[in-house]
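Here's the structure we're looking at; comments come further down.
The values are calculated or read from the model by the stated rules, or taken from the named source; none is laboratory data. Remember, it's a predicted structure, so these values are computed and weren't measured experimentally. A quick note on method: Cβ atoms are made from the backbone with ideal geometry, for glycine too, and the neighbour counts reach across all protein chains shown.
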Amino acid sequence: MGISRIGTKIAGAFLIVAAITLGVGVIGYLGINSASHSLESIVARRMPGFPHLLRIAEEIREVVIAQRSLLVPGISPDFSRQQYAAMEQSRAAIAVAMEKYTALPRSESENALFTEFRKQFDAGRKGNDALLDLIREWEKDKSDILTLMEILARTTDLRKVHDATFAALDDLTEQGLKESATLYQQEMQGAARHKFAIMAGMLGGPALAMLLGVGITLMLTRPLRRAVDYAKAVSEGSLDRELDVRGADEVGMLAEALRRMVVSLKGLISGAEEKQRLATEEAHRARLATEEAEHVRREAEVATRKGMMLAASRIETVVANVSRASEELTRRIDHTSSGTSSQLDSVARTATAINEMSETIADVARSATNASHTANNARAKALEGATVVGDVVRGIGLAQDQALSLKTDMAVLGEQAEGIGQIMNVISDIADQTNLLALNAAIEAARAGDAGRGFAVVADEVRKLAEKTMAATRQVGEAIGSIQEGTRKNVQNVDNAVGAINDSTQAAQRSGETLREIVGLIEETAAQVNSIAAAVERETAENDEIDHAIKEVDSISSSMAEAMVHAAHAIGDLADQAHELQRLVGEMQEG
């Protein structure tokens with residue numbers, strides 16, 4: 001089974017929190033990027049085309065008005081030149097607006113409608129050129145009724161072409177407004193999805209961070225607290241206490257090392273007590289033997305006075321007993337020395353186990369230090385995430401400024417459309433006056449009888465032309481009203497977009513506050529990891545005390561072994577003296 005490092009668990013938890021933070025930032029960035037592209041598409045691609053289309057429609061109507069003004073009887077040459085100049089200016093303005101609109105990007109549907117418009121526009125331009133040629137020919141001889149009738153017929157035909165041109169232009173404008181509205185609806189739906197994802201990350205991220213922090217803290221502090229209590233109990237002499245901490249991480253390894261240490265320590269203490277008991281018994285026997293030898297010496301002195309032969313016999317018996325006791329005591333001391341050597345080996349092994357446990361505790365301390373570094377790195381990553389969220393807030397602010405600028409442009413477009421409506425009102429008034437003039441001319445022609453019949457035909461055509469002009473003016477007014485309504489809707493949509501951007505800004509700001517709270521949680525976790533490192537250092541100090549106690553046991557065992565050696569030498573000397581005494585007794589018996 002692999003070892004699950006504490007640092008790996010803490011780093012994994014912080015990586016999860018960092019991933020949530022990064023996910024919230026990425027979702028916010030994608031939402032802002034999408035909104036920015038949509039606003040750019042509306043502002044930079046679609047909105048600039050509407051003024052050009054309106055300008056084209058306005059200038060086409062100016063050309064038509066100038067052509068019809070040339071057909072009014074009795075106009076002065078200066079007025080005629082002004083109309084020709086107005087037509088040239090309008091055509092130049094149409095060319096400029098057409099060039100600018102052609103340079104703008106368009107969708108496939110807009111390209112198809114624009115192609116249809118160009119087709120109708122080119123047909124109308126050719127018809128206008130032919131009509132102008134006829135008007136110039138008629139101006140040379142305005143009494144030429146046939147030319148005038150052909151001009152009126154051409155005017156009727158061109159009216160259909162102009163109507164088709166205006167219809168194509170209206171379709172193109174409506175398609176642009178429709179696609180802008182569709183793009184706006186799609187962006188609003190995407191903004192709602194991103195807003196939901198950001199809110200989910202803002203609520204789930206802190207909750208998950210708190211759960212991970214509490215879980216890791218309990219996972220580390222509970223077993224360490226039990227291990228510290230166990231070590232304190234052992235240091236106070238309670239060697240029978242159990243440590244119920246199991247695990248594959250550093251804390252589990254530390255607990256297992258503590259259990260092995262206590263088992264070894266109990267064995268060493270038991271062995272030392274047994275060796276001490278044996279040494280005490282052997283020392284007691286040696287003392288008894290010494291006392292017996294002293295007693296023998298005194299008896300020998302008494303026996304000398306009573307009789308050398310009797311004393312020698314008894315001394316020989318006693319010396320034999322002393323020799324046997326000395327030999328037995330020597331064997332026991334040798335056995336005790338051998339046990340003491342085994343005890344020294346056990347103490348050495350225990351010291352080795354203590355050193356290994358010290359290395360394990362050092363590994364735990366290093367892991368705690370690494371966990372502290374990991375917590376600091378996670379804090380730095382969380383601060384970096386907060387910086388990213390700040391950039392997101394600034395990006396939303398820029399998008400908001402663009403939306404406000406778009407709102408201003410839409411308002412200006414509405415004012416321009418209203419100005420065109422005012423111009424159309426003036427054109428309608430001119431058409432009304434032209435209609436009245438045509439009626440007056442018809443009345444005067446009727447009074448003139450046959451001489452005014454041709455003039456009556458012209459007056460009737462002028463009246464029809466004025467009526468059609470009024471009808472066209474009403475249609476244009478309706479188209480302008482539709483454009484104004486679409487402009488007002490776009491302004492409202494932009495207001496809604498500004499509101500959505502404000503909501504996104506507030507959500508991003510709340511995300512920044514949440515990140516700051518996460519940073520606080522990470523700092524608290526780092527403090528707890530530092531506390532764990534301090535606890536491990538205290539455990540190291542207590543282990544040093546145990547090591548010192550083992551060394552004292554080792555020293556006592558060494559002293560005991562040395563005492564056994566000295567005792568063995570003393571017993572050997574006693575045996576030599578007994579042999580010497582036995583030799584003297586033999587000499588006494590021989591003498």
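The set of residues in segment 233-262 being in a helix (DSSP H, G or I) and of a type outside the set (A, V, I, L, M) consists of Ser235, Glu250, Gly252, Glu256, Arg259, Arg260. Can you find a residue in segment 141-151 that is touching a Leu at 6+ places or on another chain (Cβ under 9 Å) and basic (Lys, Arg)? Yes, segment 141-151 contains at least one residue that is touching a Leu at 6+ places or on another chain (Cβ under 9 Å) and basic (Lys, Arg).
Which condition number does Tyr230 fail, the rest of (1) assigned to a helix (DSSP H, G or I); (2) touching a Pro at 6+ places or on another chain (Cβ under 6 Å) being met? Answer for Tyr230: the failing condition is (2). For Gln120, the test of being in contact with an Asp or Glu (Cβ under 6 Å, 6 or more places away or on another chain), part of a helix (DSSP H, G or I) and surrounded by 14 or more Cβ atoms within 10 Å (Cβ to Cβ) is failed. Take the conditions at positive phi and modelled with pLDDT under 90 and apply them to Gly23. Does it pass? Judged against the criteria, Gly23 is not a match. The condition (being at pLDDT 80 or above and on the phi < 0 side of the Ramachandran plot) is satisfied by just one residue among Ser264, Ser235: Ser264. Just give me the residues in segment 147-197 being in contact (Cβ under 8 Å) with a residue 24 or more places away in the chain, more than 27 Å from Lys119 (Cα to Cα) and more than 55 Å from the chain's Cα centre (by Cα), in sequence order. Within segment 147-197, Leu148, Met149 meet the criteria. Applying the condition of being crowded, with 18+ Cβ neighbours inside 10 Å, of a type in the set (A, V, I, L, M, F, W, C) and touching a residue at least 40 places away in the same chain (Cβ under 8 Å) to segment 214-252 and asking which residue is nearest to Ile10 (Cα to Cα) yields Ile216.
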